[in-house]
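Since the structure comes first, as structure tokens, the remarks are kept for the end.
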Amino acid sequence: MSEKLKKGDHVEWNTSGGKTEGEVKEIITEPTDFKGHHFEASKENPEYRVESSKSGKDAIHKGEQLKKSKEKK
């Protein structure tokens, strides 16, 4: 990911079931635990909590896994 993401950005990412889209809900800049997993986020390497448009479920992804979508669906 070459561009910075911000809260509210619409993004897409790949999953085992294909491409998924959603919205950035939070930018995480410190180590955190979420749904039984530990994430080593930092200000230099933030991670992003995103909500899937399809399922409504939240997940945390590294910035390089996310691509800003051109239009909101």
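When every Cα-Cα distance of segment 10-68 is counted in 10 angstrom steps from zero, the calculated P(r) takes the values 24, 55, 21, 0 percent. Where is the GNM fluctuation largest for the chain (alpha-carbon springs, 10 angstrom cutoff): SER55, SER42, SER16? Of SER55, SER42, SER16, the most mobile in the Gaussian network model is SER16. Each Lys and Arg Cβ is given +1 and each Asp and Glu Cβ -1; about its Cα centre, the chain then shows a dipole of about 340 debye. Shown in residue order for segment 63-70 are the 3J(HN,Hα) couplings computed by the Karplus curve 6.51 cos²θ - 1.76 cosθ + 1.60 at θ = phi - 60°: x, 5, 8, 10, 10, 5, 7, 6 Hz (x for Gly and Pro).
Extension gain GLU64-GLU26, at 0.36 nm per residue separation less the Cα-Cα distance, in nm?
12.1 nm
Among LYS25, LYS62, LYS54, the largest mean-square fluctuation in a Gaussian network model of the chain (Cα springs under 10 Å) belongs to LYS54.
Here, each number is a calculation from the coordinates, and none is a lab measurement. What you are looking at is a predicted structure, and each value in this text was computed from that prediction instead of being measured. Glycine also receives a Cβ, built like all others from the backbone with ideal geometry; neighbour counts cover every protein chain displayed.
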